[in-house]
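**Student:** Attaching a single structure in structure tokens format; questions to follow.
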Amino acid sequence: MSKVLNFTIDGVICMAEKGQTILNAATANKIYIPTLCNLPGLKPRGSCRVCNVKVNGKFLTACTTPVAEGMEIENNSEDIIDIRKSIIELLLVEGNHYCPYCEKSGNCDLQAIAYKYNIPAPRFPYQFPDRDIEATNGKLLKDHNRCILCKRCIRGIKDEDGKSIFAFKRRGHKVIINIDTRLSANMTDEMAQEAMDICPVGAIIKKEIGFKVPIGERKYDKEPIGSDIEEIKATTI
Amino acid sequence: MSKPIIATTSLAGCFGCHMSLLDIDERILELAELVEFNKSPINDIKKFTKKCDVGLIEGGVCNSENIHVLKDFRENCKILVSVGECAIMGGLPALRNNIPLRECLEEAYLDGPSVENNEERIIPNDEELPLILDKVYPCHEVVKIDIHLPGCPPSADMIYEALVSLITGKELKVPYEAFKYD
């Protein structure tokens, strides 16, 4: 058995295996740390910064930082929650997130974290950027208005040879996700569904079916994001 | 003690949030006991006749008349509440924000598939008409907004609870299931 490390999150004594990231160790100890770009099974990227925690007084991303013996981690202090809220609010104003007609509404991680932190309106001015919708692919629709560039689709959706079906196109603030026409030609319905599900927002939408799950039965309609991880379930904000 | 006074208006909205307010059903009788309504489309009072305690704003700001009404509300209401997604972020009317205004007007009055009887190709531009803004703006980017109630529309329960909490001074507690952006 690998070495066991002792550490605390908000004063709660936790244990981790050597090499385990703070995020994975927290999940194993039934403590929820919110994240948008991270996905179990994928190499952590640390790009969305939502999983910021305070370790011995320093802000670090929980998804990329391995646990060390005796770490004292803050996950729910006021300053961390304010940082997380400001990141979510920046994402909400940076794109065009029209929840009322979005197919992903109710199943969207960005929206769910905003609900969890009770954000009624962003503190920043809306940018209303000019972005496109692309429907050229046979199975998938891309809505760049909603993309948060987390790279989950690029890292997670691969063909049988391990090649990424998605890729970044352009550079800097013009960067967008792109679907490889050749590799996606043989995409099955299951893969298309997987691509839609892997997207934390509504940037990748499977064609020909929509709004299948009625309001009230969607993923985050009744319980906040992280309820499946946390032992003590939050019923009210 | 006199009753708290409420005013409401719909700017660039669909009146769905007002419908949601009416959805409080028989509690509207309780509300009528608790408060007095001033300027509002519900009672058709067109102008403020006195200072109000709470102003409910539905819809975003899309033209000069919306700005005028919103500023009028800010001057006459102690607490201003943005009700619904359109008031908070522009909502569906804000979909035009990425399309140049000229293109929007041409589509509506000249080239759209449902346009008929406009041989002279006129885009209405009378000085009596409110001037359309370049974009649809959230209310809080035009005046100070004190409270935001998200939802499309916010549920009747949420609007009722928010009003009761404002009137009675009790803390507003919104259950997770009621706090939604859609």
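**Student:** Quick check on the stretch A:102-130: of everything there that is facing chain B (nearest Cβ under 7 Å) and not in a loop (DSSP other than H, G, I, E, B), which residue is nearest to B:Ile99 (Cα to Cα)?
**Tutor:** Among those residues, the one meeting the criterion is A:Gln111.
**Student:** Same structure, new question: Of all the residues that make up the stretch B:167-181, how many are part of a helix (DSSP H, G or I) and either away from chain A (no Cβ under 12 Å) or not aromatic (Phe, Trp, Tyr) (or both)?
**Tutor:** Qualifying residue count, the stretch B:167-181: 4.
**Student:** Among the residues of the stretch A:150-166, write down those that are loosely packed, with under 15 Cβ neighbours inside 10 Å and under 21 Å from the mean Cα position of the chain (by Cα).
**Tutor:** A:Lys158 - this is the single residue of the stretch A:150-166 that is loosely packed, with under 15 Cβ neighbours inside 10 Å and under 21 Å from the mean Cα position of the chain (by Cα).
**Student:** Check the stretch A:71-80 and report whether any residue there is acidic (Asp, Glu) and assigned to a loop (DSSP other than H, G, I, E, B).
**Tutor:** no
**Student:** Has the stretch B:36-46 got any residue that is closer than 21 Å to B:Val142 by Cα and either of a type outside the set (Lys, Arg) or modelled with pLDDT of 95 or more (or both)?
**Tutor:** yes
**Student:** For A:Thr61, work out the one condition from (1) more than 30 Å from B:Tyr137 (Cβ to Cβ); (2) within 14 Å of chain B (Cβ to nearest Cβ) it doesn't fulfil.
**Tutor:** (2)
**Student:** Give me the pairs, please: first residue somewhere in the stretch A:44-55 and farther than 14 Å from A:Ile154 by Cβ, second residue anywhere and of a type in the set (Phe, Trp, Tyr), beta-carbon distance under 7 Å, and either six or more positions apart or on two chains.
**Tutor:** If the second residue must be of a type in the set (Phe, Trp, Tyr), the pairs left are A:Asn52/A:Phe59.
**Student:** Which ones in the stretch B:8-62 are farther than 14 Å from B:Ile167 by Cβ, acidic (Asp, Glu) and exposed (fewer than 14 other Cβ atoms within 10 Å of the Cβ)?
**Tutor:** B:Asp25, B:Glu26, B:Asp44
**Student:** Could you tell me whether A:Pro100 is free of Cβ contacts under 8 Å to residues at least 60 places away in the same chain, surrounded by fewer than 16 Cβ atoms within 10 Å (Cβ to Cβ) and not aliphatic (A, V, I, L, M)?
**Tutor:** No; evaluated as a whole, the condition is false for this residue.
The values are calculated or read from the model by the stated rules, or taken from the named source; none is laboratory data. What you see is a predicted model, and the numbers here were worked out from it, not measured in a lab. When we count neighbours, we look across all protein chains shown, and the Cβ atoms used for this are built from the backbone with ideal geometry, even at glycine.
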